[in-house]
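Colleague: Below: one structure in structure tokens.
The values are calculated or read from the model by the stated rules, or taken from the named source; none is laboratory data. This is a predicted model, so every value here is computed, not measured. So basically every Cβ, Gly included, is an ideal-geometry build from the backbone, and we count neighbours across all protein chains shown.
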Amino acid sequence: MSWKKVNIGNFLKRRRHQIEIQSSTEYKRITIKTKHQGISLRDKEKGSLIGTKLQFTVKEGQFLLSKIDARLGAFGIVPKELDGGIITGNFWAFDVDTKKVNIKWFNLFTSSGNFYDICNKASSGTTHRKYLDETKFLNFEVDLPDLEEQNNFLDFYENYLCSFQLLQSELDQQHSYLQLLRQTILQEAVQGKLTKQDPTDEPATQLLKRIKAEKEKLIKAGKLKKEKELPSITENEVPFELPEGWVWCRLENFCEFVNGDRGKNYPNQHEYVSEGIAWINTGHIEPDGSLSEGEMHFITRKKFETLRGGKIIKGDLVYCLRGATIGKTAFTSQFEEGAIASSLIGLL
């Protein structure tokens, strides 16, 4: 292998092509994303609306970095569509000596931890406002293979990347098939098509009568609020035909809804304890429908007794009401009792 140590400044040369912004001209303003996400168009703006009147232009194929965020991966190669775009003095443009470095190879090299480390060591200042020192940066040494070896590596890498992308595409396709299969199985299950129906089973109408009678007892005992009369289910609401003995009903026919406490006694983080009664929020619901015990919060019995709502017991279902996690559900099978945050609703 023909590698040698060279200064970065041996193949990168700072280029400053300064222009004065003209009011009637439209300019392509460039931005650089961190984490090696490359260079992109920020916007197109008339010169009259651009505050900084002295800026710099860039050319296709130049290496561009942010002197503030280079240590965070804010660098990349100027693409063809951004040729002639403008940057402020906080961005630096470098011409690349293509006799020494293949620009594609260099772009891959800049995604390495080694290059991030160089940018970090060449930056100085306060924690949140470190600036890259150009001299330090250009004087850092890197191990550089000869141009032929860079080209050979790129051929290998591009073949590997092509194979990886094909495999990733196949995996994504198979994953979508699995999701469709799961949905189909669940749909067949709720329609009663996955098990043989036993005609001697008690019809669902009898079960609903017993549930109604039990609710009436709880209402008389003051343990349950009286419910409003629910409307009958119309033909337009029925999505499919049921097996014999099954019946359509509304959720409130067989369960009770409880909201998480929203009152003045809502627990604060400083009231959490290491052991006690589970205090469940949306972050504890896992994608598989379980509750994350390792991240669970707990409150004392005394705090639990002050809550006016949201109390649940083992086997209840909790449901996320809002936000990005809306619709997530979990059974509270591992806790004898608990309480839910206002972002959840409990089905008892």
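Colleague: Quick one: Tyr272 ticks every box in (1) surrounded by 13 or more Cβ atoms within 10 Å (Cβ to Cβ); (2) more than 30 Å from Lys212 (Cα to Cα); (3) touching a helix residue (DSSP H, G or I) at 6+ places or on another chain (Cβ under 8 Å) except a single one, so which number is it?
Modeller: Every condition holds for Tyr272 apart from (3).
Colleague: For residues in the stretch 182-194 being closer than 12 Å to Trp246 by Cβ and part of a loop (DSSP other than H, G, I, E, B), which is nearest to the chain's Cα centre (by Cα)?
Modeller: Here the answer is Gln191.
Colleague: Can you name every residue in the stretch 56-113 that is under 14 Å from Lys13 (Cβ atoms) and basic (Lys, Arg)?
Modeller: If the condition is that a residue be under 14 Å from Lys13 (Cβ atoms) and basic (Lys, Arg), then Lys59, Lys99, Lys100 are the ones that fit.
Colleague: So which pairs qualify, if the first residue must be in the stretch 181-199 and touching a residue at least 12 places away in the same chain (Cβ under 8 Å), the second must be among the charged types (D, E, K, R), the Cβ gap must be under 9 Å, and the two must be at least 6 apart or on different chains?
Modeller: Gln191/Glu241; Gln197/Glu244; Pro199/Glu244
Colleague: OK, next. Taking the stretch 253-284 as the region of interest, how many residues are part of a strand (DSSP E or B) and modelled with pLDDT under 80?
Modeller: Residues flagged as part of a strand (DSSP E or B) and modelled with pLDDT under 80 within the stretch 253-284 amount to 3.
Colleague: Among the residues in the stretch 48-60, are any over 30 Å from the mean Cα position of the chain (by Cα), closer than 21 Å to Phe109 by Cα and assigned to a loop (DSSP other than H, G, I, E, B)?
Modeller: yes
Colleague: Quick one: Thr205 ticks every box in (1) outside any loop (DSSP other than H, G, I, E, B); (2) without any contact (Cβ under 8 Å) to a residue 24 or more places away in the chain; (3) over 27 Å from Ser333 (Cβ atoms) except a single one, so which number is it?
Modeller: Going through the list (1) outside any loop (DSSP other than H, G, I, E, B); (2) without any contact (Cβ under 8 Å) to a residue 24 or more places away in the chain; (3) over 27 Å from Ser333 (Cβ atoms), Thr205 breaks only (2).
Colleague: Mind checking whether some residue in the stretch 102-119 is part of a loop (DSSP other than H, G, I, E, B), touching a residue at least 24 places away in the same chain (Cβ under 8 Å) and either in contact with a Lys or Arg (Cβ under 9 Å, 6 or more places away or on another chain) or closer than 30 Å to Ser23 by Cα (or both)?
Modeller: no
Colleague: Then there's this: Are there strands (runs of 3 or more DSSP E) fully within the stretch 1-44 with at least 2 residues that are exposed (fewer than 11 other Cβ atoms within 10 Å of the Cβ)? List them.
Modeller: Those strands (runs of 3 or more DSSP E) span 18-20.
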